[in-house]
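Engineer: Here it is: the structure, laid out below.
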Amino acid sequence: MIILKKEEKTKLTKEKIINAAVTEFGTKGYEKASINNICNENKIAKGLIYHNFKNKDEIYLTCVKMVFVKIKSFIEEKYTKTNLNDYMDIRIKFFKSNPMYSYIFFDALLNPPNHLLKEIEKIKKEFDDMNKEIYKKCVLGLKLRDGVSINEALEYYDIIGNTFNIYFQRKIPLNSDIKELIDEHELKLTKIIDLMLYGIADKE
């Protein structure tokens, strides 16, 4: 009989809880998900959950962090060119292959709980910084229009990116099918990125 050390048992327990939570948050989002469902549908004692996590918020943020780390690692592994179309193809491939991660990602991005906004922004920072660096490398490969500097191009990126997400945040209450909204978000983002790049490029 294999006897596990306390640390190993704790690790396995947390993994079981997180896997169950990914299914819960990845199908219902933060608002509709509940610890009771995680317990009942996965035969996990509620006391075990509270022994490892403070509350629903901590479990959700753990899932969100895991998803952002995974997509960042996936993109860094697959993306080798300075072509944003390739970047979007890789990103969409990740979401198509991991629908529950996709739901959690967009739930945190477009429909974040107000009281967790600061924590989610901290979690997103490394992912956002990576995206900005990828965009910067693409811009550096272009001949910019007269009067448009690299810093200005990056500033426009921030402005348009924030406005773009606000646009989709406002659509959440009007669209009950989050999957359709995710597909629309990625399709429009691909076009917006193309417009941003070639709207600032010097016309040949």
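Engineer: Being in contact with a helix residue (DSSP H, G or I) (Cβ under 6 Å, 6 or more places away or on another chain) and among the hydroxyl-bearing types (Ser, Thr, Tyr) narrows it down to one residue among Ser102, Ser97; which is it?
Structural biologist: Details: Ser97 fails: in contact with a helix residue (DSSP H, G or I) (Cβ under 6 Å, 6 or more places away or on another chain).
Step by step, each of Ser102, Ser97 is checked, and only Ser102 is in contact with a helix residue (DSSP H, G or I) (Cβ under 6 Å, 6 or more places away or on another chain) and among the hydroxyl-bearing types (Ser, Thr, Tyr).
Engineer: Given (1) open to solvent by 40 Å² or more (accessible area, probe 1.4 Å); (2) at pLDDT below 95; (3) in a helix (DSSP H, G or I), where does Ser73 come up short, assuming only one miss?
Structural biologist: (2)
Engineer: Taking only pairs six or more apart or across chains, which ones have beta-carbon atoms under 6 Å, a first residue in region 87-98 that is farther than 12 Å from Asp183 by Cα, and a second residue that is modelled with pLDDT of 95 or more?
Structural biologist: From residues that are farther than 12 Å from Asp183 by Cα, the pairs are Ile90/Ile75; Phe94/Ile71; Phe94/Phe74.
Engineer: Follow-up question, since we're still on this one. Which of the numbered conditions does Leu181 fail, given that it passes all the others? Conditions: (1) over 15 Å from the mean Cα position of the chain (by Cα); (2) surrounded by 11 or more Cβ atoms within 10 Å (Cβ to Cβ).
Structural biologist: Only one criterion in (1) over 15 Å from the mean Cα position of the chain (by Cα); (2) surrounded by 11 or more Cβ atoms within 10 Å (Cβ to Cβ) is unmet by Leu181, namely (1).
Engineer: On to the next question. Given the criteria assigned to a helix (DSSP H, G or I), modelled with pLDDT under 95, out of contact with any strand residue (DSSP E or B) (no Cβ under 7 Å at 6 or more places or on another chain) and crowded, with 18+ Cβ neighbours inside 10 Å, does Tyr101 qualify?
Structural biologist: Values: assigned to a helix (DSSP H, G or I): yes; modelled with pLDDT under 95: no; out of contact with any strand residue (DSSP E or B) (no Cβ under 7 Å at 6 or more places or on another chain): yes; crowded, with 18+ Cβ neighbours inside 10 Å: yes.
No; evaluated as a whole, the condition is false for this residue.
Engineer: What helices (runs of 4 or more DSSP H), lying completely within region 1-65, carry at least 2 residues that are of a type in the set (Gly, Ala, Ser)? Spell out how you get there, then give the answer.
Structural biologist: On the way: elements: 6-32, 35-42, 46-52.
By residue number, 6-32.
Engineer: Listed residues Lys137, Lys118; which is within 28 Å of Asp183 (Cβ to Cβ), assigned to a helix (DSSP H, G or I) and among the basic types (Lys, Arg)?
Structural biologist: Numbers: Lys118 fails: within 28 Å of Asp183 (Cβ to Cβ).
Answer to the selection: Lys137.
Engineer: Just to be sure I understand, how many residues within region 1-48 are farther than 30 Å from Asp177 by Cβ, of a type in the set (A, V, I, L, M, F, W, C) and either surrounded by 12 or more Cβ atoms within 10 Å (Cβ to Cβ) or in contact with a Phe, Trp or Tyr (Cβ under 7 Å, 6 or more places away or on another chain) (or both)?
Structural biologist: Of the residues in region 1-48, 1 are farther than 30 Å from Asp177 by Cβ, of a type in the set (A, V, I, L, M, F, W, C) and either surrounded by 12 or more Cβ atoms within 10 Å (Cβ to Cβ) or in contact with a Phe, Trp or Tyr (Cβ under 7 Å, 6 or more places away or on another chain) (or both).
Engineer: Considering only region 139-155, how many residues are farther than 18 Å from Asn83 by Cα and open to solvent by 90 Å² or more (accessible area, probe 1.4 Å)?
Structural biologist: Taking region 139-155 as the starting set, the residues that turn out to be farther than 18 Å from Asn83 by Cα are 145-149, 151-152, 155.
In the following step, the residues that additionally are open to solvent by 90 Å² or more (accessible area, probe 1.4 Å) were identified as 145-146, 151, 155.
The total comes to 4.
The values are calculated or read from the model by the stated rules, or taken from the named source; none is laboratory data. Note that the structure is a prediction, hence the values are computed from the model and not measured. Here Cβ is always computed from backbone atoms with ideal geometry, including for glycine, and neighbour counts include all displayed protein chains. Only protein heavy atoms, including side chains, enter the accessible area calculation; ligands, DNA and RNA are left aside. Shrake-Rupley method; radii C 1.70, N 1.55, O 1.52, S 1.80 Å.
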